[in-house]
């Protein structure tokens, strides 16, 4: 049975000195993991990528970044509901996760009592009903799969009654953190099968960040979701010390393609508070991404490298000796979607805001 761990003192593999040091971090940024996920760590390797992904680092105390780096507050239309892009609404269903990634861009929701995740289901449903341009609803959090299947079905059943909602997406890292959530819950699989029909599918947006997360247990959960009728696709950030190596990223893309999950987005690590140690410059990250893609088949390299900026989803298109080129894949302002942007190269830029745009380059 998988047990959850919220106190660094309960990790027996850590020394007392480690625990004392890491407690300073957990006093500021929450920690959560479980016995299954911790079993993936090679405890003999202090630089183990799974360890780095889930265990705190003292470098998180370096003063850097913002608690809401993509300014989600600006696009919140009612508690727990964000409407940034015309056809897509994001619903924060939960303020809990199967584990807390150290680079989380919503770590603010774990820090204190907050008012961001959904409480009034009817208010959210009524908003979506009233906006017929909405075809996609993304259920996220936290992690929706921390909710009981009954609570999850409560909102999915209501969404399925709205004719203009064609796609329901569930953004979840639970398949990596605790695949037994899927394996041991036949009701969940039955519910997905019920609401993922011929014309309107349920998508599970997985969050595999390192190839070792694709364990045999995780693969079993993946195949059960496929059999239930879900469509799976993966998105993950590029994280320094976790997948910031072309060989590792290549292997991740390959393993995902082998089990039938296309790679969707690779994100530049958002400049969230405490994230300096997990981030790397945009241009370095892009080079790692392109090098990995150059070594794999077309089926494995369908991802695009993007920044989820306050103004929209900005793809990194390429660079030459002087300039770097971007494109708005989606924009908060409809008229900016697909616009091309040229900026001066900056090897020290960690985010779009660090670039000097060339006048007249937005087309």
Query raised in the report: Quick one: would you say residue 349 is buried (at least 19 other Cβ atoms within 10 Å of the Cβ) and over 24 Å from residue 272 (Cα atoms)?
Result: no
Query - Whichever residue in region 314-354 is out of contact with any helix residue (DSSP H, G or I) (no Cβ under 8 Å at 6 or more places or on another chain) and assigned to a loop (DSSP other than H, G, I, E, B) and, among such residues, is farthest from residue 293 (Cα to Cα) - result: 333
Query raised in the report: If you scan region 71-106, which residues turn out to be part of a strand (DSSP E or B), over 26 Å from residue 33 (Cα atoms) and touching a strand residue (DSSP E or B) at 6+ places or on another chain (Cβ under 8 Å)?
Result: 76, 77, 81, 82, 83, 84, 85, 88, 89
**Report entry** Tally, over region 107-134, of residues that are in a loop (DSSP other than H, G, I, E, B) and either more than 16 Å from residue 81 (Cβ to Cβ) or without any contact (Cβ under 8 Å) to a residue 40 or more places away in the chain (or both)
**Finding:** 8
Requested in this report: Examine region 149-168 for a residue that is surrounded by 20 or more Cβ atoms within 10 Å (Cβ to Cβ), under 13 Å from residue 92 (Cα atoms), within 13 Å of the chain's Cα centre (by Cα) and in contact (Cβ under 8 Å) with a residue 24 or more places away in the chain, and state whether such a residue exists.
Outcome: no
**Report entry** Test: residue 44 is farther than 30 Å from residue 164 by Cα, surrounded by 14 or more Cβ atoms within 10 Å (Cβ to Cβ), more than 21 Å from the chain's Cα centre (by Cα) and free of Cβ contacts under 8 Å to residues at least 24 places away in the same chain
**Finding:** no
Requested in this report: Identify the residue in region 121-143 that is closer than 14 Å to residue 93 by Cα and touching a helix residue (DSSP H, G or I) at 6+ places or on another chain (Cβ under 6 Å) and, among all such residues, is modelled with the lowest pLDDT.
Outcome: 121
Query raised in the report: Being in contact with a helix residue (DSSP H, G or I) (Cβ under 6 Å, 6 or more places away or on another chain) and surrounded by fewer than 20 Cβ atoms within 10 Å (Cβ to Cβ), is that true of even one residue in region 285-293?
Result: yes
Requested in this report: Read through the list (1) in contact with a strand residue (DSSP E or B) (Cβ under 9 Å, 6 or more places away or on another chain); (2) within 28 Å of residue 64 (Cα to Cα); (3) part of a helix (DSSP H, G or I); (4) touching a residue at least 40 places away in the same chain (Cβ under 8 Å), then give the number of the only condition that residue 248 fails.
Outcome: (1)
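The values are calculated or read from the model by the stated rules, or taken from the named source; none is laboratory data. Bear in mind that the values here come from a model prediction, so they are computed numbers and not experimental data. Don't worry about glycine lacking a Cβ; one is built from the backbone with ideal geometry, like all the others, and counts go over all protein chains shown.
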